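The values are calculated or read from the model by the stated rules, or taken from the named source; none is laboratory data. On a predicted model such as this, the values are computed, not experimentally measured, just so you know. No Cβ is skipped: glycine too gets one built from the backbone with ideal geometry, and neighbour counts run over all protein chains shown.
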Amino acid sequence: METNDSNLIPLCSGFKEKHNSICIFGTGDFGRSLGHKLLQNGFSVIFGSRNPHAAAMIPNGVEVLCHAEAAQKCSIIFLAIQRHHYDFLTEITDVLQGKILVDVSNNLKINQYPESNAEYLAGIVPGAIVVKAFNTVSAWALQSGTLDANRQVFVCSNDSKAKYAVMDIVRGIGLTPQDHGSLMASKEVENYPLQLFPMWRIPIYICGGLTVFVFLYCVLRSVVYPAINDKKDLSYYIVVSIPNMVFPIVSLILFALVYLPGVFAAVLQLYRGTKYRRFPNWLDQWMLCRKQLGLVALAYAFLHAIYTLIIPIRYSVRHRISSLTIAQIQTNQTKEFIHSSAWRSDLYLAFGILGFFFFVILGITSLPSVSNSVNWREFRFVQSKLGYLALVLCTAHALIFGWNRFLNFSHYRWYMPPPYTLSLVVPCVVLILKFILITPCLDKRITKIRQGWEKPSKAPKQTKYENSHITI
Ligand code: NAP
């Protein structure tokens, strides 16, 4: 794949002066929107249509001709037509000789055809130069001008000059061209608009699975157990109390899962004595979705914070507090102020607030607009150092909340430990492993390996850069 060498490309103003008109085949939604945008930006446009006289909603003064006539007048032709209608082009191949055909088409399914639409087009009009572009921009966004999330236009072609000419047009209408290399990449480009949150799938499945498991665990312990053992109806817990157990538990586990693959990768690199060998596929996939895992964890942390804020206004809580107060008045006894409890509760709250604060900072720096404005070292500092600090604080928050309850067997219901212990397993594993890895002897070795050092080995060498990972 070629790099985005947009600086080497001539300016679009040059294109506007040199070329009189841009031709668009098809007066449908996309053709009209693109035509409109081009006109707004000073380009001149000619439409090619099956029924030039019947074409509707075309801007005033714009020529609509039959395909052959329109093509003759322009060197760049946008095909705003579905792929299955391309056949008519074979009848005008002589007019299309040497012209740049821009394929904007999309499919209904990923990998719908064996070859990409652009490659198919190149096959049926061999004398033309095919460029794939604009398929990721919607007609609606072009027309309404709401292009913020759609600014990138992926462009690929086997002919660099043609590609740069189209990239000029992209820039000319205020969008950002991304050079995607040769036409071989067109299949990938055609699949982009059909993907549905590909990087979010694993985090959402993990989060969903954990949520269901922890929810059932808490219901069993906090609702079913008291109902059977003590004949107490605590079913109202399902609405607020149990979600407020599930959110922090799942959030902390997911947060730790963001850092666990980095730790595994470091252990693997230490064991192998090189960074130039592929990680197993599962670890690769896991590393790639760390940002999404972190953002889902942050969303759950937000829910926990909001649910916690409503505790004082809950009826059951107010009832319990007033009952305790009345009981003290009736027995004329005042509960003693326990300093250790005050310390514990303040520490628990302070760690929670600070952990959440650093977690939010991590979330903010993962936004593209923010991460683009910091350098690699600053980004790593926030994501790695502040990230671990946030994980330590959140783990301490959960540890102090539960304190030593896990040691007291009376808190085990049907042999099930208190729910907070569930949240501590993964974070503790991550923090212990990380603590071991930052001991000077191991840290020095990992740093050397990540700088390219390899353990001397008798086995045949793997290809360098087979898979060199940057781990946080
Ligand atoms: P559309 O509204 O259905 O328009 C397609 C146009 O193709 C018709 O208006 C017609 O124009 C022409 N056409 C229809 N049958 C034809 C035939 N048998 N032979 C020759 N021309 C024929 O579709 P669209 O939404 O504009 O999409 C056009 C292309 O842009 C598609 O490949 C689509 O995947 C791609 N695209 C669309 C969008 C979008 O948001 N709509 C976004 C990105 C890419 P005439 O009557 O003038 O001949």
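Observations on the model:
- Strands (runs of 3 or more DSSP E) wholly inside the range 99-213 containing at least 3 residues that are in contact with a Phe, Trp or Tyr (Cβ under 9 Å, 6 or more places away or on another chain): 100-103, 152-157, 176-179
- Whichever residue in the range 358-376 is touching a residue at least 24 places away in the same chain (Cβ under 8 Å) and under 15 Å from the mean Cα position of the chain (by Cα) and, among such residues, is farthest from Leu252 (Cα to Cα): Ser366
- The number of residues in the range 93-104 that are in contact with a helix residue (DSSP H, G or I) (Cβ under 8 Å, 6 or more places away or on another chain) and either among the acidic types (Asp, Glu) or under 11 Å from Val130 (Cβ atoms) (or both) comes to 6.
- Breaking point among (1) surrounded by fewer than 16 Cβ atoms within 10 Å (Cβ to Cβ); (2) closer than 26 Å to Trp200 by Cα, for Leu349: (2)
- Screening the candidates Thr395, Thr325, Thr334, Thr308 for the property of being in contact with a helix residue (DSSP H, G or I) (Cβ under 9 Å, 6 or more places away or on another chain) and over 23 Å from Ile242 (Cα atoms) yields one hit, Thr334.
- Checklist (1) free of Cβ contacts under 8 Å to residues at least 24 places away in the same chain; (2) of a type in the set (S, T, N, Q); (3) part of a helix (DSSP H, G or I) applied to Gln269, failing item: (1)
- Search result, residues across the range 88-110 that are more than 7 Å from the ligand (Cβ to nearest atom), of a type in the set (A, V, I, L, M) and within 39 Å of the chain's Cα centre (by Cα): Ile100, Leu101, Val102, Leu108, Ile110
- Of the residues Lys73, Lys37, the single one that is of a type outside the set (Val, Ile, Thr), out of contact with any helix residue (DSSP H, G or I) (no Cβ under 9 Å at 6 or more places or on another chain), touching a residue at least 40 places away in the same chain (Cβ under 8 Å) and assigned by TED's automatic domain parsing to the domain that holds Ala185 is Lys73.
- Pick from the range 10-31, criterion crowded, with 19+ Cβ neighbours inside 10 Å and either at pLDDT below 95 or of a type in the set (S, T, N, Q) (or both), ranking: nearest to the ligand (Cβ to nearest atom): Thr27
- Residues in the range 76-87 that are within 13 Å of the ligand (Cβ to nearest atom), of a type in the set (A, V, I, L, M) and out of contact with any helix residue (DSSP H, G or I) (no Cβ under 6 Å at 6 or more places or on another chain): Leu79, Ile81.
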